[in-house]
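Notes follow once the structure below has been shown.
The values are calculated or read from the model by the stated rules, or taken from the named source; none is laboratory data. Please read all numbers here as calculations on a predicted model, not as lab measurements. Cβ sites come from the backbone with ideal geometry, for glycine too, and all protein chains shown count toward neighbours.
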Amino acid sequence: MRAGTQAQRMTLPFAKPAQIKVKISQWNAIMSEKNKAAGQFIEALPHSIALGMELEELGGGVAVIAMPYDEKLVGDPKTGVVHGGAVSALMDTCCGAAVMSHPSNPAGTATMDLRIEYLRAAKPGERITTKATCYHVTRSVAFVRATATDADAENPVATATGTFTVEGKL
Amino acid sequence: MNTRPRPEPMQVVKERRDKVLRTLVEDVPYIQFLGIQFERRGDELTGILPFKETLIGNPLLPALHGGATAAFLEVTAIITLSWGLIWEDMESGTLDVKTLDADHLPRLPKTIDFTVDYLRSGLPRDAYARARINRSGRRYASVHVEGWQDNRSRLYAQATGHFVMPQRKPVDAG
């Protein structure tokens, strides 16, 4: 977990900051700063920390977040398979992160609806990686799709579809 | 002549049911990790998610993490379904409660899909949930779960899920 001056400005994702005018040339720099800030914010969510989530990629409406295997996440003690609820939490975090990193620049987001399909049991002992894509944003709603995989990346463990609120734009 | 058997003493009934429920819930690490408890009134279960800091998703509001809410509702659905499966065997004596441990409980139902509808942001306080089994067949079940905090009539989240039911052991079927 990184901390510092960036972390102090972390009202960014969920409170609408003062309107600022920017030149196109500054835009990319600001976007990458914002993604960095969003990344730090996501890495600072208490529940995500408790589940051991690690942000791997963030930007352009796409987020990749991983969750290493841990005994405490087990939902079926007979098989050692991770609980669906833990996968839901990972999916929710990843989808929210994807919305935050979308180029349309939402200042904040909250889950409205999230549907998860559990395709197969994740292999016990393997880390689960989720990739979420925010594929459309309107003035008030963001639409997201996500896939979760274990080491066998060709065969997804779960897929998710979600709609998220858009809290105002930068 | 009275052929009707005498009802069991209340304490015996309560101890049996509470023991089975405890075994079911304490066996799952993720339920323990979230700190979910269950309260029982007859066969009706209420899930309780006592508030703790690690359940927070947005520290600025603060609000419960959507994932914690989803997991809470899913756990409530699975335990309620499983409890329904066990009930009959437990009451008839087919399930030997004295020697009961996690290995002698039926397998848990498996989630096929789960859809959570977030109605309002989860406040940093205890949450409650109750599941209604809309359909429970031999292979599949459909369950609806309602979650609330301060007011029972003001849900903060609700969910619907489909589950594959565990196959009954051949001994039970025969």
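Among the numbered conditions (1) more than 9 Å from chain B (Cβ to nearest Cβ); (2) closer than 25 Å to B:LEU108 by Cα; (3) surrounded by 16 or more Cβ atoms within 10 Å (Cβ to Cβ), the only one that A:ASN155 does not meet is (3).
For the stretch A:90-108, which positions are in a loop (DSSP other than H, G, I, E, B) and under 11 Å from the mean Cα position of the chain (by Cα)? Give the derivation first.
The first filter runs over the stretch A:90-108 and keeps only residues in a loop (DSSP other than H, G, I, E, B), leaving A:101-105, A:107-108.
Listed by number, the list holds a single entry, A:SER101.
Here B:HIS65 passes the criteria (1) touching a helix residue (DSSP H, G or I) at 6+ places or on another chain (Cβ under 8 Å); (2) surrounded by fewer than 16 Cβ atoms within 10 Å (Cβ to Cβ); (3) not charged (D, E, K, R) except the one numbered (2).
Residues of the stretch B:123-145 that are without any contact (Cβ under 8 Å) to a residue 60 or more places away in the chain and more than 15 Å from the chain's Cα centre (by Cα): B:ARG135, B:GLY137, B:ARG138, B:ARG139, B:TYR140.
Assess whether B:ARG125 counts as being away from chain A (no Cβ under 14 Å), in a loop (DSSP other than H, G, I, E, B) and loosely packed, with under 15 Cβ neighbours inside 10 Å. Quick ask: steps written out before the conclusion?
Values: away from chain A (no Cβ under 14 Å): yes; in a loop (DSSP other than H, G, I, E, B): yes; loosely packed, with under 15 Cβ neighbours inside 10 Å: yes.
So B:ARG125 fits the description; yes.
Would you check if B:HIS104 is at pLDDT below 95 and either within 14 Å of the chain's Cα centre (by Cα) or not β-branched (Val, Ile, Thr) (or both)? Don't jump to the end; show me each part of the working.
Values: at pLDDT below 95: yes; either within 14 Å of the chain's Cα centre (by Cα) or not β-branched (Val, Ile, Thr) (or both): yes.
Answer is yes for this residue.
Screening the candidates A:THR93, A:THR79 for the property of being closer than 21 Å to B:LEU61 by Cβ and within 13 Å of chain B (Cβ to nearest Cβ) yields one hit, A:THR93.
Restricting attention to the stretch B:42-59 and to residues that are modelled with pLDDT under 95 and under 14 Å from the mean Cα position of the chain (by Cα), the residue that is nearest to the other protein chains (Cβ to nearest Cβ) turns out to be B:ASP43.
Take the stretch B:13-38 and flag every residue that is within 9 Å of chain A (Cβ to nearest Cβ) and of a type outside the set (Asp, Glu). Residues satisfying the conditions are B:VAL28, B:PRO29, B:TYR30, B:ILE31, B:GLN32, B:PHE33, B:LEU34.
Listed by first and then second residue, the pairs with beta-carbon distance under 7 Å, at least 6 apart or on different chains, first residue in the stretch A:114-128 and within 8 Å of chain B (Cβ to nearest Cβ) and over 20 Å from A:LYS72 (Cα atoms), second hydroxyl-bearing (Ser, Thr, Tyr) and crowded, with 16+ Cβ neighbours inside 10 Å, are A:ARG115/A:THR161; A:ARG115/B:THR115; A:ILE116/A:SER88; A:GLU117/A:THR159.
Take the residues of the stretch B:84-99 that are more than 14 Å from the chain's Cα centre (by Cα) and of a type in the set (Val, Ile, Thr): which is modelled with the highest pLDDT? Quick ask: steps written out before the conclusion?
The first filter runs over the stretch B:84-99 and keeps only residues more than 14 Å from the chain's Cα centre (by Cα), leaving B:88-99.
Filter once more, keeping what is of a type in the set (Val, Ile, Thr): B:94, B:97, B:99.
Working: B:THR94: 82, B:VAL97: 78, B:THR99: 75.
Taking the candidates together, the pick is B:THR94.
Does the stretch B:145-152 contain at least one residue that is more than 14 Å from chain A (Cβ to nearest Cβ), more than 21 Å from A:ALA86 (Cα to Cα) and in contact with a strand residue (DSSP E or B) (Cβ under 6 Å, 6 or more places away or on another chain)? So far as the stretch B:145-152 goes, yes, one or more of its residues are more than 14 Å from chain A (Cβ to nearest Cβ), more than 21 Å from A:ALA86 (Cα to Cα) and in contact with a strand residue (DSSP E or B) (Cβ under 6 Å, 6 or more places away or on another chain).
For the stretch B:60-83, the condition of being without any contact (Cβ under 8 Å) to a residue 12 or more places away in the chain and within 18 Å of the chain's Cα centre (by Cα) holds for at least one residue.
Keeping to the stretch A:70-89, report how many residues are part of a strand (DSSP E or B), among the β-branched types (Val, Ile, Thr) and more than 22 Å from A:THR161 (Cα to Cα). Please lay out each step first, then the result.
Keep residues of the stretch A:70-89 that are part of a strand (DSSP E or B), which gives A:74-76, A:81-82.
Those left that are additionally among the β-branched types (Val, Ile, Thr): A:74, A:81-82.
Still in the list and also more than 22 Å from A:THR161 (Cα to Cα): A:74, A:81.
Residues meeting the conditions: 2.
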